[in-house]
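Scroll down for the structure; my scribbles are underneath it.
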Amino acid sequence: MSQRTALVTGATGLLGRQVYQAFSSPGSKWTVKGTGNSRADGVEILKCDLSSEEEISALLSKVKPNVIVHCAAQRFPDKVDKDPEAARALNITASSTLARLAAQHDAFLIYISTDYVFPGRPGEAPYAASATPAPTNLYGQTKLDGERAVLEHKGTVVLRVPVLYGTADTPSESAVNTLLDTVWKVQTEGAPVKMDHWAIRYPTNTEDVARVCRDVADVYLSHADAASLPRILQFSSEDRMTKYEICEKFAGIMGLKLDGMEANTEGNDPNAAVQRPYDCHLDTKELKDLGINVSTMDFVDWWRREVRAFRK
């Protein structure tokens, strides 16, 4: 395979960093560039305002990517609710513009989406890629609208993923990583902390998602009739846990007690601004049919290595 070029939007974020590394790993035969904002270095990570069609067009003309992995997004439901216009601008409008310009530059685009496009009602999961979306919150709706906008253009696919964890600059980058901080805090705080023990999560490592992105790019760009391949793909671990169970695993890894944490099985507060689904487990059939490896890292093993918690 000749050298190809990948462009990763949001390359300084939780997922984007790993996608960038996956395409730049030894033997990958890819040249890779990323986009960023405050952390752009102007060499490998290029500054680009994704709300500007002119800047996107100039970037694509400069980089000439064969594939674009669109990781940049507002992905925190609470932040979407606090600033819905900014979320729509990034998750929908910018995605649509990028897809249109990518098609004009003959670049294949992978749009990272979410399991939150589904309602997650008890008994419905796992959801096939063809299942009817029905988001329960604004975040899921903006990502679904982004999917639809992107798929209007040729040479685009959607990759839905669940909640992510992995190497982070700060714990707050991940809804999973930040729970480790919570486990530490309850060791000293007086009042018990309530933790959700209702909604089912499938925490998936960013390194696995990044590998899948690279594999998808390899398969689609090498296929004689890529237009015949699925346009909606889904990837997920099979690690089924509530947030409380994640905290239990963290406590076990660190040898800590959870006496200061209470399991909350009440489900969504009907008065809460953000309603979260119960179980949005994603079926990965399309990836398997393409011959792409859908195995994932063991959650506990990865965290033991990350926090250097080795036991005899």
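Annotations
- Total residues in the stretch 221-241, condition part of a helix (DSSP H, G or I) and polar (S, T, N, Q): 2
- Number of the exception - residue 295 against (1) among the hydroxyl-bearing types (Ser, Thr, Tyr); (2) assigned to a loop (DSSP other than H, G, I, E, B); (3) surrounded by 14 or more Cβ atoms within 10 Å (Cβ to Cβ): (3)
- Within the stretch 281-292, tally of residues that are in a loop (DSSP other than H, G, I, E, B), out of contact with any Pro (no Cβ under 7 Å at 6 or more places or on another chain) and in contact (Cβ under 8 Å) with a residue 60 or more places away in the chain: 3
- Members of the stretch 134-158 found to be in contact (Cβ under 8 Å) with a residue 12 or more places away in the chain and of a type in the set (D, E, K, R), listed by number: 143, 145, 147, 152, 154
- Subset tally (residues that are open to solvent by less than 30 Å² (accessible area, probe 1.4 Å) and at pLDDT 95 or above) for the stretch 141-173: 17
Yes/no matrix, rows are residues, columns are (1) without any contact (Cβ under 8 Å) to a residue 60 or more places away in the chain; (2) farther than 17 Å from residue 111 by Cβ; (3) part of a loop (DSSP other than H, G, I, E, B); (4) among the aliphatic types (A, V, I, L, M):
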| residue | (1), (2), (3), (4) |
| --- | --- |
| 160 | no, no, no, no |
| 182 | no, yes, no, no |
| 187 | no, yes, yes, no |
| 210 | no, no, no, yes |
| 215 | no, no, no, no |
| 219 | no, no, no, yes |
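- Test: residue in the stretch 242-265 that is in a helix (DSSP H, G or I), over 17 Å from residue 69 (Cα atoms), of a type in the set (A, V, I, L, M, F, W, C) and open to solvent by 50 Å² or more (accessible area, probe 1.4 Å): yes
- Any hit, the stretch 119-134, residues being of a type in the set (Val, Ile, Thr) and either surrounded by fewer than 21 Cβ atoms within 10 Å (Cβ to Cβ) or in contact with a strand residue (DSSP E or B) (Cβ under 7 Å, 6 or more places away or on another chain) (or both): yes
Yes/no matrix, rows are residues, columns are (1) in contact with a Cys (Cβ under 9 Å, 6 or more places away or on another chain); (2) under 15 Å from residue 102 (Cα atoms):
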residue	(1), (2)
8	yes, yes
25	no, no
38	no, no
41	no, no
52	no, yes
61	no, yes
79	no, no
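- Applying the set (1) open to solvent by less than 40 Å² (accessible area, probe 1.4 Å); (2) more than 19 Å from residue 281 (Cβ to Cβ); (3) of a type in the set (Gly, Ala, Ser) to residue 224 leaves exactly one unmet item: (1).
- For the stretch 103-116, the criterion of a residue being farther than 16 Å from residue 159 by Cα, touching a Phe, Trp or Tyr at 6+ places or on another chain (Cβ under 7 Å) and not polar (S, T, N, Q) is satisfied by no position.
The values are calculated or read from the model by the stated rules, or taken from the named source; none is laboratory data. Quick caveat, the model's predicted, so the values are computed rather than measured. Note that we place each Cβ from the backbone using ideal geometry, even for glycine, and neighbour counts take in every protein chain shown. To get the accessible areas, we keep the full protein, side chains included, count just its heavy atoms, and leave off ligands, DNA and RNA. Shrake-Rupley method; radii C 1.70, N 1.55, O 1.52, S 1.80 Å.
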